Amino acid sequence: MKTTHRDWWRITSVTRWQMPTRVLAVAVAVLTVVLVAAIIDEIASSGVRSLPPQVSSVEPQPVGNGQLRFFPRSGRVTVGVPYRFRLYTHCGLDWPLAMDFDGSFWDPIGAGPASDVGGNRPSGFGNPYDQGTVTLISPTLAQYRSSTGTVLQWSRHAGPQISSLCA
């Protein structure tokens with residue numbers, strides 16, 4: 001005798017399983033915990049990350065005339081991942097030490113001024129710091145998104161920077 005499609009569905013139906021309520025409740029609780037852990041892991045891995053720790057502690061070296069040679073201190077990051085970044089903006093975005101990211105200093109590029117006439121930060125950025133995100137787009141290009149949503153691209157600066165201190 002051949003089982004009809006309807007009978008097969010009735011035999012395999014969950015409602016016909018003889019499972020104690022406690023076992024079912026424990027199974028639902030375990031699955032809920034696993035699902036919540038997976039969601040938290042997904043959010044943590046796909047969201048904005050904290051910067052890695054600094055890897056260098058080389059002190060600035062005097063070069064004369066009130067100028068100092070500064071060395072980057074930042075740790076390496078992963079391409080394509082946004083990182084929380086506190087950008088020093090008080091002396092303008094073109095101040096040589098404004099961005100130390102991925103083991104290098106960076107120079108602002110693109111449209112718009114990097115500082116106003118007085119050497120201060122342009123509009124769209126906090127002062128003296130802006131809390132935004134920075135993403136390494138390629139080995140030589142980074143993108144910073146300010147706290148107000150202003151986006152600015154940066155090119156990697158080779159080696160140390162020579163500058164005076166920002167007042």
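In table form, for the structure just shown:
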quantity	calculated
Using distinct alpha-carbon pairs, which all enter the 1/r mean, Kirkwood radius of region 47-96 in Å	13.4
Rh by Kirkwood over Cα pairs, then Stokes-Einstein D for region 61-163 at 1.002 mPa s and 20 °C, µm²/s	155
Nitroxide proxy distance, nm - points 7 Å out along Cα→Cβ at Ala25 and Ser147	4.9
Sorted peptide list for 102-110, 126-134, 47-55, criterion being average Cβ within 10 angstrom, highest first	102-110, 126-134, 47-55
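Each value in this text was obtained by applying a stated rule to the coordinates, not by laboratory testing. In this text the structure is predicted, and so the values were computed from the model without any measurement. Backbone-built Cβ (ideal geometry, glycine too); neighbour counts: all protein chains shown.
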